[in-house]
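Reviewing the structure listed below.
Readers should treat all values here as calculations from the given coordinates under stated rules, not as data from a laboratory. All values reported here derive from a predicted model rather than from experimental measurement. As a convention, Cβ positions derive from the backbone with ideal geometry for all residues, glycine included, and neighbour counts pool all protein chains shown.
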Amino acid sequence: MTQTEHKPEVHDTPLVPIDKIVSLCKRRGFVYPNSEIYGGVSGIYDFGPMGVELRNNIRRYWWWSMVQNHDNVLGIEGAIITHPRVWEASGHIENFVDKLVDCKKCKRRFRVDHLEPANLEQHLCPVCGGELTAEPRVFNLLMETYLGVVEGERMKTYLRGEACQDIYLDYDNVLKSSRIQIPFGICQIGKAFRNEVTPGNFLFRQREFEQWDLQFFVHPDEMQKWFDYWKEFRYNWYMGILNHKDRIRFREHAPDELAHYAKQAYDIEYQTILGWQEWEGIHWRQDWDLSRHSQYSGQDLSYTDPNTKERYMPWIVETSGGVDRTFLNLLLDAYEEEPDPAGKEPRTVLRLNPMLAPVKVAVLPLQKNKEELVTTAKDIHKKLQRLMVSQYDDIQNIGRRYRRQDEIGTPYCVTIDFQTLDDQTVTVRERDRMTQERIAISELPMYLLQRVSWQ
Ligand code: GAP
């Protein structure tokens, strides 16, 4: 089964307020504010029991699609701390800055690139109409750290401001330690750190976050072909895991946004209540990164084609996206409050793609005071646990248990009732349509595996 075969019941629902997701995440153990008992730290979050399962599934699916399913792509995991010269070569020490202005009245702080031109020209606060400071202040986003313990001998360096630099640093090692040839790619998923001056909107703009990158190395003559290939591949990848397929689009960068070496760049954007926002960037990096690291390190990173003997500096197609933005966008995409026909509380349901859902199946004995039902349910749960994330639940009535599972996006609930004891069948209830099917216990593992896996 492939992920595209999942066809959820998609309703034309309004865009979900971020607050609803923040509250669900806290209540059901997806995301907590970091250091909350000390008052929290702006732009830093922890992931709870449900969050870590969802994140792992998102990462694993990306890794499978990008690395394991491409013969010409390999993976690495680089360090968070690198030699400080890396950030000189990359241009981050010089250029990785945000310009800020402050409102003299309400004391709010704005990034200059986030203000409307009229507000900027007239120095007008977009929130309270007060006066903005005229001269923007400049802040570097790199987070400093120090290596060594002896004062005076400590070396200042940085937590990586973008994860992809490790790929350029390891490019030559990967080439020499594997039998891969250009065109090929290197992937990595890893944390990045930015002293964002205006962190906010929950996971959207954080100070510690996770990126996934592909850097694909090509001959200059083949740049356009591979740029087009990865651009389409990444777009279709996101389309495959979204319910609301009208909420994703490409935005081509205008000429004045492009880096001097880039012929083209596209953002994949997702529409939330905040408007259209960047999710992933597809970048034409030419030979900028390898040339700069060759120059700053003194190591020649050019490539010699083993067949033609042509020597050249490889060009790079980059696809760089955020694990946290994927996590947030998927929750926004999946969240729905469905009115209850009996007029009770609305049903909150996360219509997550089953292969990404944190819990795949819940096993529920109809009554907890009937020993045979409980024993059979626990036995089924133990067997399923070897294959997928399964939860056993016998607290409260069956309707409430279904609701609890709907809220965390569990695609299947298996109920063990009195008929089970007679004919060894169970009821499988599906989350989106709430249909119920009678399945033999012996067929249950295969039935579920076919619906919750991607391979
Ligand atoms: N190597 C290219 C690069 O880092 P970027 O556009 O700065 O490009 C790539 O970042 C992706 O990382 C973004 O598309 C976004 O999904 C994610 N991202 C960037 N800054 C973020 C932040 N402060 N919080 C959460 N995710 C962020």
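Tabulated data
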| quantity | calculated |
| --- | --- |
| Average projection area in nm² (convex hull over Cα atoms of the chain, one quarter of hull surface) | 28.1 |
| Whole-Å semi-axes of the ellipsoid equivalent to segment 298-431 (Cα gyration tensor, √5λ, descending) | 49, 22, 11 |
| Segment D300-E151, extension gain: residue separation times 0.36 nm, minus the distance between their alpha carbons | 50.1 nm |
| Pairwise label distance in nanometres, N201 with E257, each label 7 Å out on the Cα-Cβ vector | 1.3 |
| Net charge of neighbours whose Cβ lies under 14 Å from the Cβ of L74, counting Lys and Arg as +1 and Asp and Glu as -1 | -4 |
| All lysines inside 25 Å of K225 as judged from Cα atoms, apart from same-chain residues fewer than 8 positions distant | K263, K309 |
| Kirkwood-based Rg to Rh ratio, segment 388-437, C-alpha trace | 0.96 |
| Anchor K360: aspartates and glutamates whose Cα lies under 15 Å away (excluding residues fewer than 8 positions away in-chain) | E53, D393, D406, E407, E430, D432 |
| Computed [θ] at 222 nm, deg cm²/dmol, the chain (DSSP H ≥ 4; -39,500 (n - 2.57); rounded to nearest 500) | -9000 deg cm²/dmol |
| Estimated dipole of the chain in Debye, rounded to 20 [Cβ of Lys and Arg +1, of Asp and Glu -1, Cα centre] | 1020 |
| Rg/Rh (Cα only; Kirkwood hydrodynamic radius) as it applies to segment 63-120 | 1.26 |
| Segment 303-370: radius of gyration over Cα atoms, expressed as a fraction of 2.2 N^0.38 Å | 2.27 |
| For segment 357-370, Karplus couplings with θ = phi - 60° (6.51, -1.76, 1.60), whole Hz, Gly/Pro x | 4, x, 10, 8, 8, 10, 10, 10, x, 4, 10, 8, 9, 10 |
| Low-density loop cleavage sites - GluC sites (Glu not before Pro) in segment 148-206, where at most 11 other Cβ are within 10 Å (DSSP) | E151, E153 |
| Low-density loop cleavage sites - GluC sites (Glu not before Pro) in segment 223-322, where at most 15 other Cβ are within 10 Å (DSSP) | E310 |
| Positive-end extreme of charge dipole, the chain - chosen from V16, N201, L373 (charges on Cβ) | L373 |
| Trypsin sites (Lys or Arg not before Pro) lying in DSSP loop within segment 393-455, provided at most 15 other Cβ fall within 10 Å | R433 |
| log₁₀ of I(q)/I(0) at q = 0.14 Å⁻¹ - segment 74-229, Debye sum with one point per alpha carbon | -0.88 |
| Radius, Kirkwood style, for segment 221-348 when every pair of distinct Cα atoms is counted (Å) | 17.6 |
| Calculated over segment 27-164: convex hull of Cα atoms, volume per residue (Å³) | 235 |
| 32 Å Cα-Cα threshold exceeded, pairs from K26/K378; K105/K245; K26/K368; K191/K245; K99/K191 | K105/K245 |
| Computed magnitude of the charge dipole of segment 363-436 (debye, nearest 20; Cβ of K, R +1, Cβ of D, E -1) | 280 |
| Segment 1-107 - convex hull of alpha carbons, volume per residue in Å³ | 264 |
